[in-house]
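The values are calculated or read from the model by the stated rules, or taken from the named source; none is laboratory data. Note that this is a predicted model, so its numbers are computed, not measured. Note that we place each Cβ from the backbone using ideal geometry, even for glycine, and neighbour counts take in every protein chain shown. When the accessible area is computed, the model is the full protein with side chains, heavy atoms only, and any ligands, DNA or RNA have been set aside. Shrake-Rupley method; radii C 1.70, N 1.55, O 1.52, S 1.80 Å.
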Amino acid sequence: MFRKFLALSLIPAFALPAVPQQLPPQTPASTHKLARPAISQSHFDGKSWWDYVKFLADDRLEGRETGSEGLRQAESYVVEQLRKSGLEPAGADGFYQPVQFESRQIVEKDSSAALIHDGKPEPLTLGDDVIFSTRTGLAPDVQAPLVFVGYGLQIPENKIDDFAGLDLHGKIAVYITGSPADVPAALSAHYGSILERWKPLREAGAEGVISIPNPASIDVPWSRVTANRTAPSMHLVGSEFDDTPGLQLALTVNPASADKFIAGSGHTFAELAGLAKDRKPLPQFPLAVSIHTVAKVQTKTLESANVIARLPGTDPKLSAQSVILSAHIDHLGIGAPINGDSIYNGAMDNAAGCAVLLDVAASLKKSGVKLRRSVIFAFVTGEEKGLQGSRFFATHPTVDKNSIVADINIDMFLPIVPLKRLTVYGLTESDLGDAVTKVAEARGITIQPDQEPLRNVFVRSDQYSFIRQGIPSITMKVGVAPGSPEAQKMKDWLTNRYHVPSDDINQPVDLSAAAGYEEIMRGLLIEVATNPNRPQWKPDSFFRRFVQQRD
Ligand SMILES: [Zn+2]
């Protein structure tokens, strides 16, 4: 999973704070009663799944960094398995869809940042005080006054305009991440994306953004945030992928240093953070300091690829349509060592998801089950770089874009506890929620919606690339009952293994939970690929708006 939707915080890939501790009341699990006896599992045993995971998360593949030899080896293994299973190539070059990237790396020794108080510069320490974000373009030299813009959001649906009445021309907008309590999670994620955030700021003539992570929603210490701050960020080549035209500066501030920015304004960071913690409205006001930055960015081009395979449908008409089953195959590569280990293997994130695709592809092909629609298995690159490979595929698919009826995405589904319930992201957004409910409940599995909507999981993995193209999408994980020992186990996993080297093959997993999850994926694919009706967004779904924007 992508550490945090890039747009919310602009922190480099490795460095994003993760799970908010302040969460809204939890929605109770679905209370649907079982309509029929559970269908017994028969297609998967968990062992083949684990064999795939062991290969893909082996140290030899060096954490499958986008553009690396390790990822190439992982992909060639996947292609070999798909061939063995009898799937058809559906990329641009056999099974491969090449994706061009530009990598950007800050050269800190030639870069600097300072606050200017009454004409006097106060140098900031890169890493301790601030981090440059290379996710957007950085101008070599920027000097500009600062304006505090609260959460920095413009949300017409909630009549929120943090920029109203402010003079932002030639200035840098400083904001705290988060949103007021009355903003639903989906709106908060959408308008907090850098794409949406930058639109009104650009119109107002602003030059850049500085984000201060909300201390209430950080559970990764700043020391770990800064450890990989100079790791290159990666971007799709092509003007259609530039989300922030004209943006000249993007910085992230260590909350512990935030008062340096607020000093002299009549406010304190403690006061603002206190409001943000409770998701209360924040004030907007000019800051007493301006900023001067010098940024040297080293750029390189590199190539990676998505791996795309097809299982053709059998219906003369519907076979022209495709259901996508996607999982990202990249992970974080080699990074700062933690407990002496510097290989970020990404076993659960997301060798585990790729292994499901391989298992389900093999099973469907072997069983000869008749699927009316075609199924596309998409192993996408660059997810950890900001959903890049899926964005490239969803924007330039190797099949007719209008023929894609749905995306079912798998990312970090966490089979580390027995599978009794399934947490479904996007459960009430489209017909796909009804389909997965039917399939899971027939197997004795309870369905529950997202238990932590503020984590914005629905927009934090590759399904969001398809959602943005108007394609109904869904993703799901092994679920836990709120407050249960299993819920604690999940939380501990996020704290101790998420995006650290110990997400490797020496961790306990529940093979029968993995097998059960695969069974549901298989059932869901059959359901969606054979249903005469194409999946639709629900009439009241927030995400329906992207359908009109389809190009
Ligand atoms: Zn991840």
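For LYS260, the aspartates and glutamates whose Cα falls under 16 Å of its own Cα, not counting residues fewer than eight places away in the same chain, are ASP118, GLU122, ASP128, ASP129, GLU271. Taking all protein chains into account, the per residue accessible area for segment 174-238 stands at 30 Å² (1.4 Å probe).
A straight line joining the Cα centroids of segment 226-275 and segment 435-470 runs 30 Å.
Pairs over the 22 Å Cα-Cα cut-off, from the set LYS370/LYS477; LYS296/LYS385; LYS47/LYS477; LYS438/LYS538; LYS47/LYS365: LYS370/LYS477.
Charge tally around SER76: other residues with Cβ under 15 Å, Lys/Arg +1 each, Asp/Glu -1 each, net -3. Dipole check for the chain: with +1 at the C-beta of Lys and Arg, -1 at the C-beta of Asp and Glu, and the Cα centre as origin, the magnitude is about 1280 Debye. Shown are ASP540, ASP503, ASP341, ASP400, whose ranking by accessible area with a 1.4 Å probe and every protein chain present, most to least, is ASP540, ASP400, ASP341, ASP503.
What shape does the chain take by its C-alpha gyration tensor, where a ≥ b ≥ c are the square roots of the eigenvalues and a/c under 1.5 counts as rounded, a/b above b/c as prolate, and the rest as oblate? List each step's numbers first, then the result.
Numbers: a/c = 1.77, a/b = 1.62, b/c = 1.09.
Because a/c hits 1.5 or more and a/b exceeds b/c, the chain counts as prolate.
Specify the angular offset, from 0 to 90 degrees and rounded to the nearest 10, of the alpha carbon long axis of helix 511-530 from the longest principal axis of the alpha carbons in the chain. Helix 511-530 sits roughly 80 degrees off the main axis of the chain.
The HN-Hα couplings worked out from phi for segment 64-73 by the Karplus form 6.51 cos²θ - 1.76 cosθ + 1.60 (θ = phi - 60°) are 6, 5, 3, x, 8, 4, x, 5, 4, 5 Hz, whole numbers, x standing for Gly and Pro. For the chain, build the charge dipole from Cβ charges (+1 Lys, Arg; -1 Asp, Glu) around the Cα centre, then report which of ILE520, LEU201, PRO449 sits farthest towards its positive end. Value computed over the given set: ILE520.
The string of couplings for segment 243-252 from the Karplus curve (6.51, -1.76, 1.60, θ = phi - 60°) is 7, 9, x, x, 6, 10, 8, 9, 10, 10 Hz, one whole number per residue in order, with x for Gly and Pro. When you filter the trypsin sites (Lys or Arg not before Pro) in segment 125-212 for DSSP loop state and at most 15 other Cβ atoms inside 10 Å of their Cβ, you are left with LYS159. The long axis of helix 431-441 is offset from the longest Cα principal axis of the chain by roughly 60 degrees. Across segment 157-166, computed HN-Hα scalar couplings (Karplus, 6.51 cos²θ - 1.76 cosθ + 1.60, θ = phi - 60°) run 4, 10, 6, 9, 9, 5, 9, 4, x, 9 Hz from first to last residue, x flagging Gly and Pro.
Could you tell me whether segment 107-180 comes out rounded, prolate or oblate from its Cα gyration tensor? Rule is a ≥ b ≥ c as square roots of the eigenvalues, rounded for a/c under 1.5, then prolate if a/b exceeds b/c, otherwise oblate. Prolate shape, in that a/c is at least 1.5 and a/b is the bigger ratio.
Considering only protein heavy atoms, what per residue accessible area in square angstrom results for segment 263-314 with a 1.4 angstrom probe? Each step should come with its number before you reach the end.
On the way: 2440 Å² over 52 residues.
That works out to 47 Å² per residue.
Compared with the direct C-alpha span, the chain from ALA442 to VAL294 gains 47.3 nm at full extension, assuming 0.36 nm per residue.
Pop out the carbon and sulfur fraction of the accessible area of the chain as a percent, whole number, probe 1.4 Å.
Numbers: 10280 of 20240 Å².
C and S atoms contribute 51 percent here.
To the nearest 0.05, how large is the calculated FRET efficiency for ASP278 and ASN158 if R₀ is 30 Å and r is the Cβ-Cβ distance?
Calculated transfer efficiency: 0.95.
To the nearest 10, the accessible area of TRP198 is 10 Å² with a 1.4 Å probe. Computed with a 1.4 Å probe over protein heavy atoms only, the accessible surface of segment 404-551 comes to 32 Å² per residue.
Taking Cα centre as origin and charging only the Cβ of basic (Lys, Arg, +1) and acidic (Asp, Glu, -1) residues, the dipole magnitude of segment 171-305 rounds to 340 debye.
Packing-based ranking of 478-487, 56-65, 117-126 yields 56-65, 478-487, 117-126, ordered from highest to lowest mean Cβ neighbour count within 10 Å. Accessible-area rank, largest first, for TYR77, TYR96, TYR175: TYR96, TYR77, TYR175, with all protein chains present and a 1.4 angstrom probe. A probe of 1.4 angstrom, applied to the heavy atoms of all protein chains, finds HIS331 with accessible area near 0 square angstrom. Backbone amide hydrogens, once placed in the peptide plane, bring ILE116 within less than 5 Å of GLU122, SER290, ILE291, HIS292, excluding anything fewer than 5 places away on its chain.
Using a Förster distance of 25 angstrom, determine the FRET efficiency expected from the C-beta separation of LYS109 and ASP341, and round it to 0.05.
Numbers: r = 28 Å, r/R0 = 1.10.
My answer for the efficiency is 0.35.
Using 0.36 nm per residue, how much length does the chain from ASP128 to GLN100 gain when fully extended, once their Cα-Cα distance is taken away?
Values: separation 28, 0.36 × 28 = 10.08 nm, distance 3.30 nm.
Between ASP128 and GLN100, full extension yields an extra 6.8 nm.
Taking square-rooted eigenvalues a ≥ b ≥ c of the alpha carbon gyration tensor, is segment 189-238 rounded, prolate or oblate, where a/c under 1.5 means rounded and, failing that, a/b exceeding b/c means prolate? Oblate is the answer for segment 189-238, as a/c is 1.5 or above yet b/c matches or exceeds a/b.
Electrostatic bookkeeping for SER257 treats Lys and Arg as +1 and Asp and Glu as -1; over the other residues with beta carbon under 15 Å from its beta carbon, the sum is -2. The accessible-area ordering, largest first, of the residues ILE308, ILE160 stands as ILE160, ILE308, per a 1.4 angstrom probe.
Working note: Cα atoms of segment 447-551, range along each principal axis, descending, whole Å: 44, 30, 27.
Note down the net charge around GLY137, summing +1 for each Lys or Arg and -1 for each Asp or Glu among other residues with Cβ under 10 Å from its Cβ. It would help to have the intermediate numbers written out before the result.
Details: positive: ARG104, ARG135; negative: ASP242.
Neighbourhood net charge equals +1.
In the chain, the longest principal axis of the Cα atoms and the axis of helix 352-367 are about 20 degrees apart. To the nearest 0.05, what FRET efficiency results for THR268 and LYS120 with a Förster distance of 22 Å applied to their C-beta separation? E between THR268 and LYS120, to the nearest 0.05, is 0.55.
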